[in-house]
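Before I ask anything, let me first share the structure, which is written out below as structure tokens.
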Amino acid sequence: DEYYKGEGININYCVGVDSCEHHIVRTGIRGSNDLVWVGKAANYAAKLTTHNWDPYHSIITSRVYEMLNDASKYDGNGKNMWNREYSDAISEYVYKSSYHWGAT
């Protein structure tokens, strides 16, 4: 895009993930409605993305970490790919990772 050419724009991103029982609610008016996710997990995941975790781009709650299998926790050498840190945004510990997995 010509508008951004040479502007030196850096894009930083973060994906926050939590788990809980969710409810989906249809809201709006007739002819103009949408589905809204209601539950703590959507709220926590959104809050996790507001913090600058750079260079970590994957942030998960302890609930999600406990659900991971060992292949998702440890690299080929047995090193934990996740670092634990307290998050003031959700007042609990989270796990962050900068590892990249290739699509197969």
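Expressed in nm to one decimal, what extension gain is obtained for the pair D54 and E7 from 0.36 nm per residue of sequence separation less their Cα-Cα distance? All intermediate terms of the calculation are to be shown ahead of the outcome.
On the way: separation 47, 0.36 × 47 = 16.92 nm, distance 2.11 nm.
Result for the pair: 14.8 nm of gain on full extension.
Answer with a single label: of [x] 1.36; [y] 1.31; [z] 3.34, which was calculated as Cα Rg over 2.2 N^0.38 Å from the structure in view?
Recomputing Cα Rg over 2.2 N^0.38 Å here gives the entry labelled [x].
Are there GluC sites (Glu not before Pro) in the chain that DSSP puts in a loop and that have at most 16 other Cβ atoms within 10 Å, and which ones?
Values: sites: E2, E7, E21, E66, E85, E92; in loops: E7, E21.
Answer by residue number: E7, E21.
Another one. Starting from the Cα of K79, draw a straight line to each of the aspartates and glutamates and keep only those under 15 Å, dropping any in the same chain fewer than 8 residues away.
Answer for K79, where 15 Å is the Cα cut-off: D70, listed by chain and number.
Right, something else. In debye to the nearest 20, how big a dipole does the chain give about its Cα centre with +1 on each Lys and Arg Cβ and -1 on each Asp and Glu Cβ? Display every interim value, and only then the final one.
Numbers: 10 positive and 13 negative charges, 58 e Å.
The calculated dipole for the chain is roughly 280 debye.
Read-outs throughout are calculated quantities, based only on the coordinates presented, and are distinct from any laboratory measurement. Everything numeric in this text was worked out from a predicted model, so none of it was measured. Every residue, glycine among them, receives a Cβ derived from its backbone with ideal geometry; neighbour counts consider all protein chains shown.
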